[in-house]
1. For a quick check of your reading of the model, give me the residue pairs whose first member lies in segment 53-65 and is touching a residue at least 12 places away in the same chain (Cβ under 8 Å) and under 11 Å from VAL141 (Cα atoms), whose second is surrounded by 15 or more Cβ atoms within 10 Å (Cβ to Cβ) and charged (D, E, K, R), with beta-carbon atoms closer than 6 Å and at least 6 apart or on different chains.
2. Please return the ranges of strands (runs of 3 or more DSSP E) entirely within segment 103-180 where 3 or more residues are out of contact with any Asp or Glu (no Cβ under 9 Å at 6 or more places or on another chain).
3. Looking only at residues in segment 121-143 that are modelled with pLDDT under 95 and among the charged types (D, E, K, R), which one is most open to solvent (accessible area, probe 1.4 Å)?
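The values are calculated or read from the model by the stated rules, or taken from the named source; none is laboratory data. Since we're looking at a predicted model, the values are computed, not measured. Cβ coordinates were reconstructed from backbone atoms using ideal geometry, including for glycine residues, and neighbour counts include every protein chain displayed. In case anyone asks, the SASA skips ligands and DNA or RNA and just uses the protein heavy atoms, side chains included. Shrake-Rupley method; radii C 1.70, N 1.55, O 1.52, S 1.80 Å.
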Amino acid sequence: MVLRVLCMLTLFFLVGCGAKKKRTYSKTRTVTVEASPEEPIPEKKSKKELRKNAEAERIISTAMTFSGTRYKFGGTTRKGMDCSGLVFVSLKENDIEFPRVSYQMAERGKRIKVAQVEKGDLLFFKTGKSGKRINHVGLVVDVKRNEIKFIHATTSRGVIVSSLREGYWNHAFVKAMRIL
């Protein structure tokens, strides 16, 4: 039995080692590397656009100071705040008069497509069980590639920054409005 196994192994060894692979060195190897998409070259912005961007940054900065503030229905202070209160106070502190309630806010400004959203725009949602009327608003704080981040006040976590990519917010999203 052992002799038989040794013969088989010797046979496999001789057959495996005896065959030579044909090698060709004349062919040149080509290696392709997939390039990453180029970042678009930023266009020169007009003075009006620069002012608008600076205004949006000031409003966002004001809103961000409320991060972590607990939720309070109808609240507009650091002791407690709701979503429309956050937007209302952030705009008011930057000398922009705006309605206090989210469904009224949704009637102001210019409606835009999600692909056009910029910092300082407002996002509106229907989060109620009946879903009949807009009842939530968030302020866009960042837009990178396909992700839109917005600050808002949630009943469970207070004032936070969320992403429109999150399933709950994506499902509840109704429209975006430009107010600047």
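1. Between residues of segment 53-65 that are touching a residue at least 12 places away in the same chain (Cβ under 8 Å) and under 11 Å from VAL141 (Cα atoms) and residues that are surrounded by 15 or more Cβ atoms within 10 Å (Cβ to Cβ) and charged (D, E, K, R), the close pairs are ALA56/LYS119.
2. 122-125, 136-144, 147-154, 158-163, 173-178
3. This residue is LYS129.
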